Amino acid sequence: MADLSVDLAGIPLRNPILTASGTFGYGQEYADLVPLDALGGIMVKGVSPFPSHGNPTPRTAEVFGGMLNAIGLQNPGLDAFIESPDYLPFLRQQDTQVFVNIWGKTVQDYVEVAERLDEEREGIAALEVNISCPNIKAGGIAFGTNLEMAAKVVSAVRDATTLPVVTKLSPNVSNIGDFARCVVDAGTDVVSLINTIPGMAIDVETRRPVLANITGGLSGPAIKPVAVRMVYEARRAVDVPIIGMGGIQCARDAVEFFLAGADAVAVGTAIFTNPGCLLEIIAGVDAYLDEHGCTSVRELVGAVIV
């Protein structure tokens, strides 16, 4: 058996397979299906300072090669996340690394969540900052599509916490390397990418959008080539650890991301149809390493031959 352990900016992972935020709830929802202590870590569903009911339904739709979602970052809010036994208290009992995804509508929202979670840091490995959210003070422009705004929110979170900071990059930019460098310069310890890609589906019988929100985020196998390319470009731009995600369904998909430059990967949409894929991917990566004479998964990182 090869060594599957990974160090992400001081965060030790037993293996490089994580769950992507928004696809695994807060862990408890899947605990009867997947042994949480077998995973490298869990990226929980996004937490904001305020409760959010999300968007109206329908807010998910299957499309060729994946799915569209417009959940709207539904979550119980910061107070409930900290105090309710279904959230942070449950996660603290698990033998796995917990990454808390945070979001807001203003920079101060991010700061508020980061400060509170820094005080409640027991059981939290890191904060993952979702910068794909719209900044309501800048006309709804997403933090992650403007270099100045991206730097501002990451810098503010960095100043508000001593926890490691992971920044989840938006794919909706012309040069992902610029944004990777930007958030690293602003103080992020780890970069994760990619978030979903905006898409739309129309019911040709009713001639109406399939989603109540009209548009949603595309995820699943269809976006994997885009994600692999962006991880490759981010690796060429920065030296910090990278978590790659986007369309991973099997071990060979995960290996692609490692070769492109990811130190770890996060699995998302595939969990909906097969929660057991997480264990299958871990076992498959181990088998790949044995078959190719590798003693550690770290030997694959950035090893693509170009």
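The values are calculated or read from the model by the stated rules, or taken from the named source; none is laboratory data. Keep in mind it's a predicted model, so treat the numbers as computed, not measured. When we count neighbours, we look across all protein chains shown, and the Cβ atoms used for this are built from the backbone with ideal geometry, even at glycine.
The rows are residues; the columns are (1) at pLDDT below 95; (2) touching an Asp or Glu at 6+ places or on another chain (Cβ under 9 Å); (3) within 24 Å of Val240 (Cα to Cα); (4) β-branched (Val, Ile, Thr).
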{"site": "Ala126", "(1), (2), (3), (4)": "no, yes, yes, no"}
{"site": "Val129", "(1), (2), (3), (4)": "no, no, yes, yes"}
{"site": "Gly140", "(1), (2), (3), (4)": "yes, no, no, no"}
{"site": "Leu147", "(1), (2), (3), (4)": "no, yes, yes, no"}
{"site": "Val153", "(1), (2), (3), (4)": "no, no, yes, yes"}
{"site": "Thr162", "(1), (2), (3), (4)": "no, yes, yes, yes"}
{"site": "Phe179", "(1), (2), (3), (4)": "no, no, yes, no"}
{"site": "Met200", "(1), (2), (3), (4)": "no, no, no, no"}
{"site": "Thr206", "(1), (2), (3), (4)": "no, no, no, yes"}
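Scanning segment 174-186 for residues being more than 24 Å from Ala222 (Cα to Cα) and either in contact (Cβ under 8 Å) with a residue 60 or more places away in the chain or surrounded by fewer than 16 Cβ atoms within 10 Å (Cβ to Cβ) (or both) gives a total of 2. I'm trying to understand the selection: among the residues of segment 42-66, which are in contact (Cβ under 8 Å) with a residue 40 or more places away in the chain and either among the charged types (D, E, K, R) or touching a helix residue (DSSP H, G or I) at 6+ places or on another chain (Cβ under 6 Å) (or both)? Matches in segment 42-66: Lys45, Val47, Pro49, Arg59, Gly65, Gly66. Sub-6 Å Cβ pairs linking a first residue in segment 67-92 that is more than 24 Å from Leu39 (Cα to Cα) to a second residue that is of a type in the set (Phe, Trp, Tyr) and surrounded by fewer than 22 Cβ atoms within 10 Å (Cβ to Cβ), at least 6 apart or interchain, are Gly77/Phe50, ordered by first then second residue. Among the residues of segment 92-142, those that are under 19 Å from Ser52 (Cα atoms), out of contact with any Gly (no Cβ under 9 Å at 6 or more places or on another chain) and not in a strand (DSSP E or B) comprise Gly104, Lys105, Thr106, Val107, Gln108, Asp109, Ala114, Arg116, Leu117, Ile136, Lys137, Gly140.
How about segment 158-167: which of its residues are polar (S, T, N, Q) and either touching a Leu at 6+ places or on another chain (Cβ under 8 Å) or crowded, with 19+ Cβ neighbours inside 10 Å (or both)? Thr161, Thr167 - these are the residues of segment 158-167 that are polar (S, T, N, Q) and either touching a Leu at 6+ places or on another chain (Cβ under 8 Å) or crowded, with 19+ Cβ neighbours inside 10 Å (or both). Against the definition (assigned to a loop (DSSP other than H, G, I, E, B) and more than 18 Å from the chain's Cα centre (by Cα)), how does Ser155 come out, yes or no? In short, no. A single entry from Ser132, Ser155, Ser170, Ser192 fulfils the requirement of being within 25 Å of Gly261 (Cα to Cα), surrounded by fewer than 20 Cβ atoms within 10 Å (Cβ to Cβ) and hydroxyl-bearing (Ser, Thr, Tyr): Ser155.
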